[in-house]
Protein chains: 2
Amino acid sequence: MILDRLNTPDDLKKLSFEEMNTLAGEIRELIIKKVNTTGGHMGPNLGIVEATIAMHYVFNSPVDKFVFDVSHQCYPHKILTGRKEGFTNSDKYHVYTGYTAPEESEHDLFKIGHTSTSVSLACGVAKARDLKGEKGNVLALIGDGSLSGGEALEGLNNAGSMDSNIIIVVNDNDMSIAENHGGLYDNLKLLRETDGKAECNFFKSLGFDYCYVNEGNCVEKLVETFEKVKDASHPVVVHIRTVKGCGLDVAEQNKEAFHWILPGTLDENKEPVGFVEDYTSLTRQYILDKTKEDKTVIAVNAGTPGVFGFDKEFRNTVGKQYTDVGIAEEHAVAYCSALATCGAKPVFAVMSSFIQRTYDQMSQDLCLNNSPATMLVYWGGISGADATHLCTFDIPLVSNIPNMVYLAPTNKEEYLAMLDWSLAQNEHPVAIRVPNVPLVSTGIEDDTDYSILNKFKVVENGEKVAILALGNFFELGRQVKKELGINATLINPCFMTGIDEELLENLKANHDVVITLEDGELDGGFGEKISRFYANSDMKVLNYGAKKEFTDRVPLDELYRRYRLTKEQIAEDVMKLKQTATV
Amino acid sequence: MILDRLNTPDDLKKLSFEEMNTLAGEIRELIIKKVNTTGGHMGPNLGIVEATIAMHYVFNSPVDKFVFDVSHQCYPHKILTGRKEGFTNSDKYHVYTGYTAPEESEHDLFKIGHTSTSVSLACGVAKARDLKGEKGNVLALIGDGSLSGGEALEGLNNAGSMDSNIIIVVNDNDMSIAENHGGLYDNLKLLRETDGKAECNFFKSLGFDYCYVNEGNCVEKLVETFEKVKDASHPVVVHIRTVKGCGLDVAEQNKEAFHWILPGTLDENKEPVGFVEDYTSLTRQYILDKTKEDKTVIAVNAGTPGVFGFDKEFRNTVGKQYTDVGIAEEHAVAYCSALATCGAKPVFAVMSSFIQRTYDQMSQDLCLNNSPATMLVYWGGISGADATHLCTFDIPLVSNIPNMVYLAPTNKEEYLAMLDWSLAQNEHPVAIRVPNVPLVSTGIEDDTDYSILNKFKVVENGEKVAILALGNFFELGRQVKKELGINATLINPCFMTGIDEELLENLKANHDVVITLEDGELDGGFGEKISRFYANSDMKVLNYGAKKEFTDRVPLDELYRRYRLTKEQIAEDVMKLKQTATV
């Protein structure tokens, strides 16, 4: 194998084009095997193999600096920068992360997984170089959907007016995660169709010099162009046309499905997964029903429809009652706010990690205007995810915005009742944290009136200890009660944006300990509001949730133990408190 | 006066062009007089008089919908939509807000003051119209700097691919708040110079039909073009060239200074304001000194240099060690993160209200990468500001992000020592909440080692009651101590991102009440962390700060009383607690 001879990018520079083409095939094979074993980003990495080889051939990393956007397209880069064993040796498949990681290599500048960051970061890298009087090229590799995010667009506007070297490689695979949305992509199409010659050019309009490479999966053509722009004294865009999933037929033909795959997807004898109802399928069906009933109901998402079950069948069925804004979460929130203000019923589905992009839009466009839009927050909770995709922060982020109503359902019937209420009402911006646990059904319709805000539900009336078990952690609350072995009160708070002062006040009569359980960061979260309420009283409060920290692929059970979130640990704490305190 | 005949936009439609030109003069005169009396946005409103008249002449508000960006350029619109008495009658100068406000008029759709929101909102308005099968035009009026924000750019990308009526009026006055920055503005210049005919056209590249009006302060020309695009079945940009400050010589010649003015700026006998040292002038001088010492120190801001004292003299002096990214806060944070990662020393100055735009960039680009950038957060605190510009939310927003160090200095020497430490260290992203109170100087150099994180300072050692008085509210803490008339402990926490567990633990020995004082929203803030710490103990805690709410021009002293933030109210609460509780 050619790859056997490669340990650093320098080794690559000795290869012929023929050898590099062979190398591309070797890399592709490794990626297919590894990703099919561990799961991961298949299509993006297969598409960017030749460009990565050409970048490392022409430029001199780490003196020249590469900034990867999204950074889920960095697998070939990892293979070429001393980390090939993470792909050749199945025992080491999990050693390296799926994103750039400075702790792994001097060739990785930033730990990045959210989209649209590379151009702004590259501007900073370039400016630091200039301030320090250093030399070298700075490259940002963007594309695969990430071009449409506000941060990227702000970055391009600034990069285009820099007066020194910065090279933006736009990986145009004619796809976002799903299909492309937005006028910009029509311009990319025009540029592809005119071999880059169309006068109306988005990048030129922002001040960039511009090159087009139609054969973006050909090392030789890429090298030719990179050689030309190397050491440019001004901002340049190199627009390369690549094929997402290149070299794997099924991935080329099913680009959306093969953006990211589960382990074993390519295995011939893989058992088809049977239908299991979960909160995602439930939501999908709910929206299908609602859009049929009411022509003003509209499902909105920002570039990741697959996560929410908004598959092609769904999209075809709801037609105009669906908007994928592309990766543009800020726009999505403002868009929904206006839809709601004007009497439509938008439902914006968004992942907890990406709602982080929309604080100001939630505050100003949505909540200040009290627009009755519905936001569904998916995947919220503590997890073993990469540090770049944690979903631990949405409760502090969303709950402290005035006027927002943030709900935490604990079962199917409650969730559906909250959805019904949210879509029917005209008073409040509502976010619902879609449970991130297996579906629980009570079988009994929930007739709660959610227009009475901040009313907690006493599920089991008891004494001495009250357990406030929020959303995902409601079942944990039940277990803690059992573990305690006493007749504790079990409460489902439902609301995260306020507290039930009357109920909390009444608890004082026959309780001396209150426990709060929340599946998210404690700092700024729900439990602290309870602690504040009781802070001037004799009630003892114990808050459980995640520590304020970025964790990186730490197994969930390890995190639970770290945060003392097992039923045994919690019961132990309560017992200890009861022994030592005056309660 | 023509204006006497006008009460609704319908009345405008009966006027001749000559009468509308006269009307423009009348409106201009009212704005000059009113703004010079109350203070406010002068240049933007003088520039947009004719365009507003033309919009209301051609279109049919509120059936046709206008969405104002920034919305500080809505004064002529208010005059034309039934609110002229707010400009003609000096007794009513304060009746109407300086921004669009739905509670004032059916012609105002949204309460908006942050920039770059109009296009996304207009997309939602247009889509709601289409879903409901209604007719009518939807217009967004953007410009005056707001075009460069990520939300606007995401919005333009989406608007450009809509398949129905949406009209974006781009008010190009060749200025942001200060001068323009970014490649996009070079394209606007090219379009101005070619009378809109250049093929390389940013708006066309995003899919818009495009019209240019060179005489954007001529009602007739504007009407002619608006008539053409009215009822367009597709997205259109009308790019109008206006003169910021039009009709007031001094404002035309000093566009930046006259963007927003203080009361009396035009008065001939106005006393010149003498130099008073404050935290802004102190920061300005500090940065001037540092940039001279170290060529890698760089001041960054996002389109509002005047707020930070980054005037022309400052900019000329620091030269390349200064970047104004334009209104693009997300880019600014990522840019600074990369600068810091690569060994430069960025100092990003930003207002509390606008840091709201950067949560994800602070979390992902900055804190996840532990980049040692310095952010200076101005104007943080409770205020009588407009609901659109509150600065009450930065403590919850910033403090709960892992790895961030958020500091609250209480005097000049402490602030300078924190700045020194932040610029010298290489370990942490640091934000400093620049005191928003008159400058206090101890005269004694602060030699605290801030690398020991979360170490609170005991300023006065006492017993029974401990007062944790944060940043702006440190002096209030002193007053509360005096009011209590006991030997209370006075603590300056300095850090908002963590707690001094050892100190808090030790307080238990001879204190039974802890008071926290913070100049910001209580929910998710500093005090709740203290309440959580003591929640399982006998310590009683009282948290003081702002309620979670949007307030709108409520006088500061009224807010202080509402939140029980006067020294008398606090002392009363403590006394009451001591009497009723077992302490």
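Can you work out which of the residues in the range A:478-505 that are out of contact with any helix residue (DSSP H, G or I) (no Cβ under 6 Å at 6 or more places or on another chain) and more than 27 Å from A:Ile401 (Cα to Cα) is surrounded by the most Cβ atoms within 10 Å (Cβ to Cβ)?
A:Lys481
Just one of the numbered conditions (1) part of a helix (DSSP H, G or I); (2) in contact (Cβ under 8 Å) with a residue 24 or more places away in the chain is not true of B:Asn7; which one?
Just one mismatch for B:Asn7, condition (1).
From A:Ala328, A:Ala299, which residue is within 28 Å of A:Tyr359 (Cα to Cα), within 14 Å of chain B (Cβ to nearest Cβ), of a type in the set (Gly, Ala, Ser) and within 18 Å of the chain's Cα centre (by Cα)?
The conditions single out A:Ala328.
Do we find that A:Ala198 is in contact with a helix residue (DSSP H, G or I) (Cβ under 9 Å, 6 or more places away or on another chain) and within 12 Å of chain B (Cβ to nearest Cβ) in this structure?
Yes; evaluated as a whole, the condition is true for this residue.
Answer with yes or no whether A:Ile287 is within 13 Å of chain B (Cβ to nearest Cβ) and either under 25 Å from A:Met175 (Cβ atoms) or part of a helix (DSSP H, G or I) (or both).
Spelling it out, it is not the case that A:Ile287 is within 13 Å of chain B (Cβ to nearest Cβ) and either under 25 Å from A:Met175 (Cβ atoms) or part of a helix (DSSP H, G or I) (or both).
I'd like the residue in the range B:302-325 that is more than 25 Å from B:His114 (Cα to Cα) and buried (at least 17 other Cβ atoms within 10 Å of the Cβ) and, out of all such residues, is farthest from the other protein chains (Cβ to nearest Cβ).
Only one residue fits best here, namely B:Phe314.
Considering each of B:Phe275, B:Phe314 in turn, give the residue that is under 30 Å from A:Val125 (Cβ atoms) and out of contact with any Gly (no Cβ under 8 Å at 6 or more places or on another chain).
Result: B:Phe314 is the single residue among B:Phe275, B:Phe314 that is under 30 Å from A:Val125 (Cβ atoms) and out of contact with any Gly (no Cβ under 8 Å at 6 or more places or on another chain).
Go through the range B:422-456 and give me each residue that's in contact (Cβ under 8 Å) with a residue 12 or more places away in the chain, among the aliphatic types (A, V, I, L, M) and in a loop (DSSP other than H, G, I, E, B).
Residues satisfying the conditions are B:Val434, B:Val437, B:Leu439, B:Val440, B:Ile444, B:Leu453.
Could you run through the range B:457-488 and say how many residues are among the polar types (S, T, N, Q), over 28 Å from the mean Cα position of the chain (by Cα) and outside any loop (DSSP other than H, G, I, E, B)?
Number of matching residues: 1.
Name the residues in the range A:80-128 that are touching a residue at least 40 places away in the same chain (Cβ under 8 Å), within 22 Å of A:Leu139 (Cα to Cα), hydroxyl-bearing (Ser, Thr, Tyr) and part of a loop (DSSP other than H, G, I, E, B), would you?
Of everything in the range A:80-128, those that are touching a residue at least 40 places away in the same chain (Cβ under 8 Å), within 22 Å of A:Leu139 (Cα to Cα), hydroxyl-bearing (Ser, Thr, Tyr) and part of a loop (DSSP other than H, G, I, E, B) turn out to be A:Thr81, A:Thr97, A:Tyr99, A:Thr115, A:Ser116, A:Thr117.
Among (1) touching a strand residue (DSSP E or B) at 6+ places or on another chain (Cβ under 8 Å); (2) of a type in the set (A, V, I, L, M); (3) crowded, with 24+ Cβ neighbours inside 10 Å, where does A:Leu153 come up short?
The one condition A:Leu153 does not meet is (1).
Here's the yes/no breakdown for (1) in contact (Cβ under 8 Å) with a residue 12 or more places away in the chain; (2) touching an Asp or Glu at 6+ places or on another chain (Cβ under 9 Å); (3) within 22 Å of A:Tyr415 (Cβ to Cβ); (4) aromatic (Phe, Trp, Tyr):
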site: A:Ile261; (1), (2), (3), (4): yes, no, no, no
site: A:Thr265; (1), (2), (3), (4): yes, no, no, no
site: A:Pro305; (1), (2), (3), (4): yes, yes, yes, no
site: A:Val325; (1), (2), (3), (4): yes, yes, no, no
site: A:Cys336; (1), (2), (3), (4): yes, yes, yes, no
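I want to confirm something. Restricting to the range A:367-390 and keeping residues that are over 23 Å from A:Thr115 (Cα atoms) and either more than 8 Å from chain B (Cβ to nearest Cβ) or among the acidic types (Asp, Glu) (or both), which single residue is nearest to the chain's Cα centre (by Cα)?
A:Thr374
Scanning the range B:344-366 for residues that are of a type outside the set (Gly, Ala, Ser) and more than 21 Å from A:Thr358 (Cα to Cα), which turns out farthest from the other protein chains (Cβ to nearest Cβ)?
B:Val347
Condition first: under 30 Å from B:Asn201 (Cβ atoms), touching a His at 6+ places or on another chain (Cβ under 9 Å) and not assigned by TED's automatic domain parsing to the domain that holds B:Phe550. Can you find one or more residues in the range B:92-107 that meet it?
Scanning the range B:92-107 turns up at least one residue that is under 30 Å from B:Asn201 (Cβ atoms), touching a His at 6+ places or on another chain (Cβ under 9 Å) and not assigned by TED's automatic domain parsing to the domain that holds B:Phe550.
Of the conditions (1) polar (S, T, N, Q); (2) crowded, with 23+ Cβ neighbours inside 10 Å; (3) within 24 Å of B:Leu184 (Cα to Cα), B:Ser363 clears all except one; give me its number.
Status for B:Ser363: all satisfied but (3).
Among the residues of the range A:97-137 satisfying the criterion of being among the basic types (Lys, Arg) and closer than 18 Å to A:Ala159 by Cα, which is farthest from the other protein chains (Cβ to nearest Cβ)?
Only one residue fits best here, namely A:Lys135.
May I ask you to list the residues in the range B:265-296 that are at pLDDT below 95 and either surrounded by 14 or more Cβ atoms within 10 Å (Cβ to Cβ) or among the aliphatic types (A, V, I, L, M) (or both)?
B:Thr265, B:Leu266, B:Val273, B:Val276
Does A:Ser61 meet the test of being over 25 Å from A:Asp552 (Cα atoms), part of a loop (DSSP other than H, G, I, E, B) and either hydroxyl-bearing (Ser, Thr, Tyr) or not assigned by TED's automatic domain parsing to the domain that holds A:Val213 (or both)?
yes
Take the conditions of a type in the set (A, V, I, L, M, F, W, C) and closer than 30 Å to B:Leu368 by Cβ and apply them to B:Ala417. Does it pass?
Criteria met by B:Ala417.
Which of the residues spanning the range A:290-317 are hydroxyl-bearing (Ser, Thr, Tyr), within 21 Å of A:Ile177 (Cα to Cα) and not in a loop (DSSP other than H, G, I, E, B)?
A:Thr317
Determine whether A:Thr341 is within 8 Å of chain B (Cβ to nearest Cβ), touching a residue at least 60 places away in the same chain (Cβ under 8 Å) and on the phi < 0 side of the Ramachandran plot.
no
Can you tell me how many residues within the range A:73-111 are aliphatic (A, V, I, L, M) and closer than 20 Å to A:Pro555 by Cα?
Adding up the residues that qualify gives 2.
So for the range A:134-142 (the condition being surrounded by 22 or more Cβ atoms within 10 Å (Cβ to Cβ), within 19 Å of the chain's Cα centre (by Cα) and assigned to a loop (DSSP other than H, G, I, E, B)), does at least one residue qualify?
No; the residues of the range A:134-142 include none that is surrounded by 22 or more Cβ atoms within 10 Å (Cβ to Cβ), within 19 Å of the chain's Cα centre (by Cα) and assigned to a loop (DSSP other than H, G, I, E, B).
Sort through A:Asn370, A:Asn436 and tell me the only one that's of a type outside the set (Phe, Trp, Tyr) and on the phi > 0 side of the Ramachandran plot.
Matching residue, one of A:Asn370, A:Asn436: A:Asn370.
Count, please, the residues in the range A:500-531 that happen to be outside any helix (DSSP H, G or I) and at the interface with chain B (Cβ under 8 Å from one of its Cβ atoms).
So the answer is 5.
Table: residues versus (1) within 23 Å of A:Thr291 (Cα to Cα); (2) crowded, with 23+ Cβ neighbours inside 10 Å; (3) of a type outside the set (Phe, Trp, Tyr).
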site	(1), (2), (3)
A:Ile382	no, yes, yes
A:Leu390	no, yes, yes
A:Leu397	no, yes, yes
A:Thr410	no, yes, yes
A:Tyr415	yes, yes, no
A:Ser422	yes, yes, yes
A:Asn426	yes, no, yes
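The values are calculated or read from the model by the stated rules, or taken from the named source; none is laboratory data. These numbers were taken from a predicted model, which means no experiment stands behind them. Every residue, glycine among them, receives a Cβ derived from its backbone with ideal geometry; neighbour counts consider all protein chains shown.
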